[in-house]
Every structure is written in C-alpha cells, then in structure tokens.
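Here the structure comes first, spelled out in structure tokens, and everything after it is commentary.
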Amino acid sequence: MSNDAEACRVSGEAETRRMNVEQARAILLANDRGGYCVPTARLYPFQWNWDSAFVAMGWGTFDEARAWQEITSLLKGQWEDGLIPQIVFHAPSDDYFPGPDVWGVRRTPATSGITQPPVLATAVRHLWDTGRDRALAEANAASIYPALVRNHRWWQAARDPERRGLVATLHPWETGMDNSPAWDAALARVPMDTVTPIRRRDTAHVDAAMRPRGEEYQRFIHLVDVYRDAGWDPARMLAASPFRVADVATNAILLRAEQDLLAMAGRFGTDTERAEIEERVARLHTALERLWHDGLGLYASMDLMTHEIISVGTSGGFLPLFAGHARDRAATLAATLARWAARVSRVVPSTDPGFTGFEPKRYWRGPIWAVVNWMIADGFRATGDAATADRIRGDTVALIEAAGPSEYFDPVTGEGIGGADFSWTASIFLLWVR
Ligand code: DGY
C-alpha cells in the first residue's frame, strides 16, 4: 500500500471511531430521563443499580457533573438500613414487569426490595481518581462516601450475618445474571406457583428466544412473593429464602468494591472505618478461595442451601482477578479462557461454550456482556497479562463497532442482540476508546 493510501485508511478509521464515540454519547443523552439513565428505552424504563455504576463511568468520559448526578439519583433510592435497591422507580411506566405494585415497597421514590452486584464504590473511586475537575470530584466523593459505607455494612449485616466471609444472594436478579445455568439446580427447588399474576412485558420488546424462559419467570416471581411476605426484612428474607447462593461474581465485585472504599476511607473516613473495611477485605479474600474449582480451571458459585460448589463455568468465575485475588492463578484462568475462545469467535461468553447448557443467544446462558468483559480485562491487565486483556478489549470494541451498543452479543456470530442502544454497553465503549 502506498503512503497516501495508508494515510487515507488510517484517517478513515479515525473518522469511523469518532462517529462511534459520538453515537455512544448520543445514546446516553437519549436514555437520560433527567439525572439518571434508563438501561434502554421500553425494555428497562427505570434506573437500575449496577447499570448506573457503569453508566456513571461512561458519562465521566465527557460530562463529569452528569456522571456524579447518575450516582446521586441512584442513592435517592437507598434504604435507611443501607440497601441500594436493584431498581429505583423514579417515574411510572407500563413497559416493565414487575413494577412497584408487585414489589409493594412503600417508599418515595418507589424501589424494588432486592439489590444487585455492588459495583458502585468502584465507579465512585474511578470518577474520583480520574476526575479532571478536582473540586467537583473531591466534593462528590466526600458526600457520597458515607452512603457507600452504609451500603457495605448492609452487605455484611444482611447477607453474611454470621461473618463467614461470603455474602448470599437471594434472587437470581440480585446476581444480575438472571438465567445463568449456574442457577438452574438451585432455582429448580423454588416452587413455580405465584400469588402475583405474571404479566411479562420483556417479550413484547425482545425476541423471547433471547430472554429467560416462562418457567424461570414463575420462580423469579415466586421469590418476590416470598420476600414481600417477609416484609423485605433482611433477617426474615434470609430465613425464608428458598434460593440462596454465594455468587462468585457478586463476591468478587464486593471484594474489589471494599478495596476501592478503603482507598476513599484513607481520605474521607475514620480509623475505625478503615479497620472495619480491612477486616472485611481479609475475610472475603480467604472465603473467595473456597470457590476455586480445579476441574473447571475457574472460580465458581456455591449453593448455600447444599454448601456445594456449582459445577458450571461462567464468565463470573474470572472476576476474582478484578478483586486483585488469585494473581497466582492468572495463568490457569488465561488457559481456561483460551479453551473457551477456541469454541467461539469472540470472548467472553457468559457460559462455558463447552457446557451442555450453553445457548449463545439466550441472555446470560451464553452471550457476551461488555460490562463483564471490562471487569475481566481489568483483572487480567492487573496481573500483567496484557495479551489476554487486549484480546477481551479488542473483541468487545469490534463487536460494538460492527453491531452497535446492544445489550449483549452472540459469541458465535457476533450479532448484537437483546435491547438496542444500551446505556452500559455504550459506556464501556466510551471507557475503552474515549
Ligand atoms: C430483568 O427484568 O430482566 C432484569 O434483569 C431484572 O433486573
């Protein structure tokens, strides 16, 4: 290729990248409902907890004030006991089931009664570290820090009251990985009868073949009925829970979040708070190691009803690296990822593609999720494995550039599936390419 042709190709690529960045920003602007983003129009018409943590970091690449606002909007839903709910229903919508009436949580704004993976402290630390407007970053991190302290105390008090080290999740929706095959056996023990009539709206927006099955929804709603009857009281929920798992992803994300909180405590906290966080970090590091699964070459979740490790490989199993855990296992984890990669065209599938329950198009049973990739790549990079981190980043960016910022991607065909114009996928694109 001549020098001129090469220069032309490079400037064409730069122009395409610039347009893609503009498109990603435009998606956040379009999904903004006034201080918070919906994950995508119609399918998810409210504010979701872990979505907003990633979305805040996305905003942080071009509008720092709006990034902080994403977080303060989410915290409007925080409960007095420290829970940060999975959903904050800031404004009514008929597009989603189950809405506030089903949850029966009497608060303003209305919220659901369960939580989601605690990425928030990591997002706040990221915005605090990278904020170009230092005064804004300092003021917001200082004012948000106490809410994070209360939230991490909630995780321990509500979900690990005996201080064994691993926190419990009581609903597949709390893991964010709703229909992962990792939950199949535990969810099969949950009855299918419901008091609440099921009126699914998701399949009116997205092909049913890309969503959880009807049977799973019946069990999801049965769980909501059980916890609503328990008055959303943490101890009563724990005692009544027919589904209880130590999700490897939630625990790894929490361990990372605790360390990010500790960094902020160094600036905004007290000695007592620092000691308390350090103690939880040490306990969680020890406990997380109990989730190593030699046969899978990966970490895995534990069924807390049977105390057995769930023998299903999921992308969550790489996340202990995101928590700075298991650096000595990084080569084994990279080899596992390479084995998975040989069966698909892009990484990281949410379920081991060699597993019988792998379904490349069905939500968390196979598709690639950009936010999980961002965390896994961060983990590999921190171990010094730049090649694996670059492969994950490169695949994610290529998928988004080819198919747009979809909710998730088929790891075999690269097709963008689920909801379109998705806030957290656009945010990961912005974080990775600016
Ligand atoms: C849904 O409704 O699909 C969500 O994943 C619940 O958070």
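Pairs under 8 Å by beta carbon, first residue more than 26 Å from residue 251 (Cβ to Cβ) in the stretch 107-135, partner among the aromatic types (Phe, Trp, Tyr) and open to solvent by 10 Å² or more (accessible area, probe 1.4 Å), six or more apart or different chains?
Within 8 Å, the pairs are 107/79; 109/89; 110/89.
For the stretch 113-127, does any single residue satisfy the condition of being assigned to a loop (DSSP other than H, G, I, E, B), open to solvent by 10 Å² or more (accessible area, probe 1.4 Å) and away from the ligand (no atom under 16 Å from the Cβ)?
No: the stretch 113-127 contains no residue that is assigned to a loop (DSSP other than H, G, I, E, B), open to solvent by 10 Å² or more (accessible area, probe 1.4 Å) and away from the ligand (no atom under 16 Å from the Cβ).
Out of 402, 370, 389, report the one residue that is open to solvent by less than 20 Å² (accessible area, probe 1.4 Å) and without any contact (Cβ under 8 Å) to a residue 24 or more places away in the chain.
Exactly one residue qualifies, and that residue is 389.
When only residues in the stretch 100-112 that are over 21 Å from the mean Cα position of the chain (by Cα) and of a type outside the set (D, E, K, R) count, which is farthest from the ligand (Cβ to nearest atom)?
Checking each candidate, the answer is 108.
Taking residue 221 as the residue in question, decide whether it is touching a residue at least 12 places away in the same chain (Cβ under 8 Å) and over 21 Å from residue 158 (Cβ atoms).
yes
I'd like the residue in the stretch 1-33 that is open to solvent by 60 Å² or more (accessible area, probe 1.4 Å) and not in a helix (DSSP H, G or I) and, out of all such residues, is modelled with the lowest pLDDT.
Selected residue: 1.
Quick one: would you say residue 213 is open to solvent by 60 Å² or more (accessible area, probe 1.4 Å), of a type outside the set (Phe, Trp, Tyr) and more than 24 Å from the chain's Cα centre (by Cα)?
The answer is no for residue 213.
Return a yes/no flag: does the stretch 72-87 have any residue that is within 19 Å of the chain's Cα centre (by Cα), small (Gly, Ala, Ser) and in a helix (DSSP H, G or I).
yes
I need a count of the residues in the stretch 337-374 that are in contact with a helix residue (DSSP H, G or I) (Cβ under 8 Å, 6 or more places away or on another chain) and of a type in the set (S, T, N, Q).
Total meeting the criteria: 3.
If you take just the helices (runs of 4 or more DSSP H) that sit entirely in the stretch 148-212, which of them hold at least 3 residues that are within 13 Å of the ligand (Cβ to nearest atom)?
Answer list for the stretch 148-212: 172-175, 202-205.
Among all residue pairs at least 6 apart or on different chains, which show Cβ distances below 7 Å where the first residue, located in the stretch 184-203, is free of Cβ contacts under 8 Å to residues at least 60 places away in the same chain and the second is among the hydrophobic types (A, V, I, L, M, F, W, C) and part of a helix (DSSP H, G or I)?
Listed by first residue and then by second, the contacts come to 190/223; 194/221.
Could you grab the pairs with beta carbons closer than 7 Å, sequence gap of 6+ or different chains, first residue in the stretch 33-48 and over 16 Å from residue 73 (Cα atoms), second one away from the ligand (no atom under 15 Å from the Cβ) and at pLDDT 95 or above?
40/31; 40/420; 40/421; 41/31
Please go through the stretch 88-112 and give me each residue that is not hydroxyl-bearing (Ser, Thr, Tyr) and not in a loop (DSSP other than H, G, I, E, B), ordered by number.
88, 89, 100, 101, 102, 103, 110 - these are the residues of the stretch 88-112 that are not hydroxyl-bearing (Ser, Thr, Tyr) and not in a loop (DSSP other than H, G, I, E, B).
How many residues does the stretch 321-340 hold that are surrounded by 20 or more Cβ atoms within 10 Å (Cβ to Cβ) and touching a Lys or Arg at 6+ places or on another chain (Cβ under 8 Å)?
3
If you check residue 421 against the conditions, is it in contact (Cβ under 8 Å) with a residue 40 or more places away in the chain, in a loop (DSSP other than H, G, I, E, B) and either surrounded by fewer than 24 Cβ atoms within 10 Å (Cβ to Cβ) or aliphatic (A, V, I, L, M) (or both)?
So residue 421 passes the test.
The values are calculated or read from the model by the stated rules, or taken from the named source; none is laboratory data. These numbers were taken from a predicted model, which means no experiment stands behind them. Neighbour counts are summed over all protein chains in view; Cβ atoms, including those assigned to glycine, are modelled from backbone coordinates with ideal geometry. For accessibility, only protein heavy atoms count, side chains too; no ligands or nucleic acids. Shrake-Rupley method; radii C 1.70, N 1.55, O 1.52, S 1.80 Å.
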